[in-house]
Amino acid sequence: MGLLKKYIVMFRTDMKNAMSRRCGLDELNCFILLVSFIYIVAALFIHKWSLVLIGGLLFIVCCLRIFSKKMEQRLKENAFYMKYMGSVVEAFRYWKRCLKMMIKTKSDAEYAYFVCKTCGQIVRVPKGRNKVNIRCPKCNTTFIKRT
Ligand SMILES: [Zn+2]
């Protein structure tokens, strides 16, 4: 058992070392992965197999980018993507965080969790106070929420 664990740790550090010199899952890759996933799911629903091909191709492009060693080129591509889609990516991250905090709020009996819209800081507020004016401790933005 101990030996297996040791091997897993070794494998993980190996992977980490290998991936640190590769592009990995940057924002552009996340986007390509999402689009290919949508294509494949859509194809399953409307039975259009040409869409699977497009989705598959996008998936291959994504894999090639993930394991690419030409970091400079990949960084350039990602920077180009972020230049035009940066705000969308940020908005998406914000909503993802909000959803996470909503789930956390549901499971917490005492506190409600909110995400600051300006800086992304997570703010914890005691539950059961109805409407509260929340001030973000990081950037001092205030927003009104129902707890
Ligand atoms: Zn803030």
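The values are calculated or read from the model by the stated rules, or taken from the named source; none is laboratory data. What you see is a predicted model, and the numbers here were worked out from it, not measured in a lab. Virtual Cβ from ideal backbone geometry, glycine too; neighbours counted across all protein chains shown. Protein only, heavy atoms only, side chains kept; ligands, DNA and RNA dropped before computing areas. Shrake-Rupley method; radii C 1.70, N 1.55, O 1.52, S 1.80 Å.
Please give the length that would be gained between residue 111 and residue 144 if that part of the chain were fully extended, namely 0.36 nm times their separation in residues minus their C-alpha to C-alpha distance (nm, one decimal).
10.3 nm
Counting pairs of alpha carbon atoms under 8 Å apart in space and at least six apart in sequence, what relative contact order in percent does segment 22-107 give?
37 percent
Carbon and sulfur: what percent of the chain's accessible surface (1.4 Å probe)?
65 percent
Would you mind checking which residues have amide H under 5 Å from residue 134's amide H? H placed 1.01 Å from N; only 5 or more apart, or other chain.
Residues meeting the criterion, in which the H sits 1.01 Å from N, are 143, 144, 145.
Taking 0.36 nm per residue of sequence separation and subtracting the Cα-Cα distance, how much length would be gained by fully extending the chain between residue 35 and residue 63, in nm to one decimal?
8.7 nm
Which value in deg cm²/dmol, rounded to the nearest 500, describes the helix-derived mean residue ellipticity at 222 nm for the chain, given -39,500 (n - 2.57) per DSSP H run of n ≥ 4 and division by the residue count?
-22500 deg cm²/dmol
Which residue fluctuates most in the GNM of the chain (Cα springs below 10 Å): 105, 118, 13?
13
Using Cα-Cα distances under 8 Å and only pairs 6 or more residues apart, what relative contact order does the chain have, in percent?
Here the relative contact order equals 15 percent.
Quick one: if you stick a label point 7 Å off each Cα along the C-beta vector at residue 104 and residue 18, how many nm between them?
Taking the simple label geometry, residue 104 and residue 18 are separated by 3.4 nm.
Would you mind working out the accessible area per residue for the chain, using a 1.4 Å probe, and quoting it in Å²?
Normalised by residue count, the accessible surface of the chain is 78 Å².
Could you list which residues have their amide H under 5 Å from that of residue 111, counting only those 5 or more apart in sequence or on another chain, with H placed in the peptide plane?
127
Looking only at segment 3-27, which residues have a backbone nitrogen under 20 Å from a spot 7 Å from the Cα of residue 71 in the C-beta direction?
12-27
Would you check the accessible area of residue 7, probe 1.4 Å, heavy atoms only, in square angstrom rounded to 10?
130 Å²
Using a 1.4 angstrom probe on the protein heavy atoms only, line up 72, 27 by accessible area, largest first.
Sorted descending by solvent-accessible area, the residues read 72, 27.
Between 0 and 90 degrees, rounded to the nearest ten: what's the tilt of helix 2-20 against the longest Cα principal axis of the chain?
80 degrees
For 107, 50, give me the order by solvent-accessible area with a 1.4 Å probe, most accessible first, ignoring ligands, DNA and RNA.
Ranking 107, 50 by accessible area, largest first, yields 107, 50.
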